[in-house]
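The values are calculated or read from the model by the stated rules, or taken from the named source; none is laboratory data. This structure is a prediction, so every number in the text was calculated from the model and none was measured. No Cβ is skipped: glycine too gets one built from the backbone with ideal geometry, and neighbour counts run over all protein chains shown.
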Amino acid sequence: MKTQWTGEQSWEWYRNMPWLRGCNYLPSDCCNRIAMWQELEWDQHLATMEREFGLMESIGFNSIRVILEFEVWDQQHDGFMCRFETFLATAAKHGIRVVVCLANDCTVPKDENWKPVKLGPQHYDLGYHGGRKNSPHAQRDQVGYYPALDEPENAERFFRMVAEIVSRHASDPRIVIWDLYNEPGNAHRGEKSVPHVRRIFETARAADPSQPLTTGIWSGIDHATAAEWTALELSDLISYHNYGSFEDNIIAIDELRRYGRPLINTEWLHRQQGNTVAQMFPLFYLEKIGCWNWGFVAGLSQTYEPWEIMFQRYAEGDRTIDFTRWQHDLFRPSLRPYDPGEIELIQRFCRLSDEKEKR
């Protein structure tokens, strides 16, 4: 099926799926995705994944979303492909299917603070969301730099990566969705990313995968970039990110339902803004919206810390932000819940969904 799925085809696929729920995943002993996918300390990270996948299974999660890293594929190709296979097999042992993301516009400008990606030991800054002082989650006016696609010689190899990975796993039941491009148009990239979005869909579609293709709208219908509109036009499923309030999500769901395709939320959970497990997880269950909160076990990436923009907003007078709460993540480094009530709620609604599927 080397063309975009029709709405009917998308719904037929979706109705045969269980309610998909889980998290965006990075092992707690990795400060970034280079650390996750490279050869260095792989066995240690794999042991962490095994432990954390078991914890996911115990609370009822059945899927995760992960973002791959071009630089690791490019510099350690054969090893990366073997590690990715091991990753998929390890997740599958625990009933976890994978949403795979390949490109990412969540970037920083190429200025005096920018540093090229290097494999090997990975530095991280304590007390900063994502482990980086130079954060993509800060208010800036400059355009973000994405060397994997902004440099033509890299871009050709990047799309070879897309073709290889999607072709190899085009019929792999361990991969449930191809979420091709994370937050296209972010970092003021807008129009600059439109041709990249079109090409990644064309490249993945040429592999004729059995799984649906999507790329999420992340800034909302009223503020969507040209790259987001392109993604909406090309996606088999409608996916979105929303870290806003319950009311914001209700409005977003209502708007996106008009596209007549199944709806999934690939990023949510921002307690400081009122985007909580208690409100959002039951809503996603009720509407059967696939959902993946950001973060699982608090670790070196420190995504329980606020985005840098939250501090900027506070400095500008915003007093609505609740800095006493974790932003993301569900479990403490001890593997005890951040909030036991959240985990009990997740288990309860996962169990209800599984019971419904058996009827």
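Reported count of residues in the stretch 284-296, each being in a helix (DSSP H, G or I) and touching a strand residue (DSSP E or B) at 6+ places or on another chain (Cβ under 9 Å), is 3. Residues in the stretch 297-355 that are part of a loop (DSSP other than H, G, I, E, B) and in contact with a strand residue (DSSP E or B) (Cβ under 8 Å, 6 or more places away or on another chain): Ala298, Thr303, Gln327, His328, Asp329, Leu330, Arg332, Pro333, Leu335, Tyr338.
Determine whether Ser167 is outside any helix (DSSP H, G or I), surrounded by fewer than 23 Cβ atoms within 10 Å (Cβ to Cβ) and over 20 Å from the mean Cα position of the chain (by Cα). Taking the combined requirement at face value, the residue does not satisfy it.
Here is a yes/no grid of residues against (1) of a type in the set (Asp, Glu); (2) out of contact with any His (no Cβ under 7 Å at 6 or more places or on another chain); (3) outside any loop (DSSP other than H, G, I, E, B):
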site	(1), (2), (3)
Ser219	no, yes, no
Glu233	yes, yes, yes
Asp248	yes, yes, yes
Ile251	no, yes, yes
Thr266	no, no, yes
Gln279	no, yes, yes
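The residue that is farthest from Ser245 (Cα to Cα), counting only those in the stretch 317-337 that are of a type outside the set (A, V, I, L, M, F, W, C) and surrounded by 20 or more Cβ atoms within 10 Å (Cβ to Cβ), is Asp329. Every listed requirement among (1) touching a strand residue (DSSP E or B) at 6+ places or on another chain (Cβ under 6 Å); (2) farther than 16 Å from Val98 by Cβ; (3) of a type outside the set (D, E, K, R) is met by Gln38 save one, (1). Scanning the stretch 28-75 for residues that are assigned to a helix (DSSP H, G or I) and of a type in the set (Phe, Trp, Tyr) turns up Trp37, Trp42, Phe53, Phe70, Trp73.
For (1) at pLDDT below 95; (2) more than 21 Å from the chain's Cα centre (by Cα); (3) surrounded by fewer than 14 Cβ atoms within 10 Å (Cβ to Cβ), each residue gets a yes or a no:
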residue	(1), (2), (3)
Ile309	no, no, no
Ala315	no, yes, yes
Asp339	no, yes, no
Glu344	no, yes, yes
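Can you find a residue in the stretch 41-48 that is closer than 17 Å to Lys93 by Cα, of a type in the set (Gly, Ala, Ser) and in contact with a helix residue (DSSP H, G or I) (Cβ under 9 Å, 6 or more places away or on another chain)? No, because not a single residue in the stretch 41-48 is closer than 17 Å to Lys93 by Cα, of a type in the set (Gly, Ala, Ser) and in contact with a helix residue (DSSP H, G or I) (Cβ under 9 Å, 6 or more places away or on another chain).
Picking from residues in the stretch 70-129 that are more than 30 Å from Met17 (Cα to Cα) and of a type in the set (Val, Ile, Thr), the one that is nearest to the chain's Cα centre (by Cα) is Thr107.
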